[in-house]
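Written out below as structure tokens is the structure these notes cover.
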Amino acid sequence: MVVLVGLIDGSINQMIINTFKQAEAFLALHIPKKIQQRFPGELGLKRTKYFLQLLGNPQEKLKIIHVAGTSGKGSTCYLISSLLKAHGFKVGFHQSPHLTDVRERFQIYTSTSLSTGNQIISKEEFIFYLNKIIPIINLIGKTFHGSLTYFEILVGLAYFIFYDKKVDYAVMETGLGGKYDGTNVVDRSDKLAVLTKIGFDHMEILGKTLPEIALQKAMIINKNSQAISINQLPNAKKVIEEVAIKKQAKVFFVTKNNYLYHGRGQDRIKLNLIGNYQRENASLALAVIKFLSKRDGFLVDQEKIKKVFATVHFPGRFDIKKISPKGRLPSGQKTVIFDAAHNPQKMAAFTKALIKKYPGRKFNFLLAFKSGKDYKKMLKIIIPWADSITLTSFFTENQDMINLSEKPTVIGQQLRKIGFNNFTIVPSNKKAWEIILNKKEPIIVTGSLYLIGEIYRLIKNK
């Protein structure tokens, strides 16, 4: 139970968190309820900077790799972190959003053993660090800045933990956009900005055109700094170059000529992650490592790179699992592919990789889309490869905001409109998951990271 133990600065009561459930409940109090609170823009960025100032500006005492983009942010961050770990560095990785556990936002890579992956901090550590910052969270809520949001608290906590853990590098994935993102609070000129593929998503917040969206993403570039970007569409690339010139920064674009995959025999690098888009992400991650090796004076070990790329596994991104349907023996396991594609750009890349791996096949899909997403375009991409579609829903209350899926009946109406009738509506994702497992494999679960998280929790609980 949360109890009051005294006064902070003579006026603010400090709450003591004793359990992980209490920690989650405390954070849930800060999940925005209104649209203005969810995307506070400059006000939110100023509030986060003030928060970090009160924490001693830990973000200014770390080597930061800051990653923004529309597609591939999570995978690129994961690959960068894994490569740095393989070269003997202690790395902090802030992931946003998380899949099943909020502690995924505070991952520490410490082992040089390639068989040991990243590690989320323990529940005890999480409670310890949260208790340390609660007085400051409460204090800010009583100022003109207003209450910190769930996302802002976790960003500040990530920088705070990574500094206290003395990581060599902190890899920070942006939430939404870049310019006003809560992670964009680092002023150091040695912060490395990394830009993944930029496309159309969150258009109601970031802008209706690609240049407008690209500007928001490119604004993570600091003055007199270095940026590394995947090769972009011309009008996005132009914006990035203009931002770099304005900020007197240098930008390097990773093009097909920079890719890793032209070697032969023993020199060829194989990637365990499936899809050409993951090759782009891997190329970008390798460009980051090569840049850091020159800047910070360490040698790149080609064998370690090969081993990392050959063994990496990032949950929720073309994640192939063998699942036993309820009541079936392990011998009756089904192949299920999970992918968190949630916009047309990602869905097109995912389906392209899917049909390349399984040529001439059609698939049984389990789908749910977050409300507000461009599901019409995504359905058009999916339908040519669908044998059947099971439509379901989700409602999450443990993320940066309350996330509600588009009503499956609305999705069904759209499917009928475009002439696809072999679909079933099962609002309960638990029931839908049980039903889809009786379909012919391979089974595909996609449309939203939040759906993937819900299903992963069902698998974990089972």
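The values are calculated or read from the model by the stated rules, or taken from the named source; none is laboratory data. Note that the structure is predicted; figures quoted are calculated from it, not measured. No Cβ is skipped: glycine too gets one built from the backbone with ideal geometry, and neighbour counts run over all protein chains shown.
Data table
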{"read-out": "Residue, surrounded by the most Cβ atoms within 10 Å (Cβ to Cβ), within region 31-63, restricted to residues that are modelled with pLDDT of 95 or more and assigned to a loop (DSSP other than H, G, I, E, B)", "value": "Leu62"}
{"read-out": "Residue match in region 149-169 (condition: closer than 30 Å to Ile245 by Cβ, touching a Phe, Trp or Tyr at 6+ places or on another chain (Cβ under 8 Å) and modelled with pLDDT of 95 or more)", "value": "yes"}
{"read-out": "Qualifying residue in region 183-195 (condition: modelled with pLDDT under 95 and under 20 Å from Glu242 (Cα atoms))", "value": "no"}
{"read-out": "Hey, Ala244 assigned by TED's automatic domain parsing to the domain that holds Ala68 and more than 20 Å from the chain's Cα centre (by Cα) or not", "value": "yes"}
{"read-out": "Selected residue [of a type in the set (Val, Ile, Thr) and within 26 Å of Pro40 (Cα to Cα)] from Val254, Val243", "value": "Val243"}
{"read-out": "Conditions (1) within 28 Å of Gly360 (Cβ to Cβ); (2) under 28 Å from the mean Cα position of the chain (by Cα); (3) at pLDDT below 95: number failed by Ile382", "value": "(3)"}
{"read-out": "Region 433-450: number of residues that are closer than 17 Å to Asn403 by Cα and touching a strand residue (DSSP E or B) at 6+ places or on another chain (Cβ under 7 Å)", "value": "4"}
{"read-out": "Hits in region 78-104 - residues which are more than 27 Å from Asp400 (Cα to Cα) and part of a helix (DSSP H, G or I)", "value": "Leu83, Leu84, Lys85, Ala86"}
{"read-out": "Members of region 134-173 found to be among the small types (Gly, Ala, Ser) and at positive phi, listed by number", "value": "Gly146"}
{"read-out": "Out of Lys256, Lys208, Lys223, sole residue that is modelled with pLDDT of 95 or more and among the basic types (Lys, Arg)", "value": "Lys223"}
{"read-out": "Search result, residues across region 76-103 that are among the hydroxyl-bearing types (Ser, Thr, Tyr), in contact with a strand residue (DSSP E or B) (Cβ under 6 Å, 6 or more places away or on another chain) and buried (at least 24 other Cβ atoms within 10 Å of the Cβ)", "value": "Thr76, Ser81"}
{"read-out": "Residues being among the charged types (D, E, K, R), exposed (fewer than 13 other Cβ atoms within 10 Å of the Cβ) and assigned to a loop (DSSP other than H, G, I, E, B) - total across region 293-344", "value": "1"}
{"read-out": "Residue under evaluation Lys208, criteria (1) over 24 Å from Leu154 (Cβ atoms); (2) touching a residue at least 24 places away in the same chain (Cβ under 8 Å); (3) over 20 Å from the mean Cα position of the chain (by Cα); (4) assigned to a loop (DSSP other than H, G, I, E, B), criterion not met", "value": "(2)"}
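Residues checked against (1) closer than 21 Å to Lys217 by Cβ; (2) in the same structural domain as His342 (by TED's automatic domain parsing); (3) of a type in the set (A, V, I, L, M):
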residue	(1), (2), (3)
Ser147	no, no, no
Tyr150	no, no, no
Asp164	no, no, no
Val167	no, no, yes
Ala170	yes, no, yes
Asp190	yes, no, no
Gly199	yes, no, no
Met203	yes, no, yes
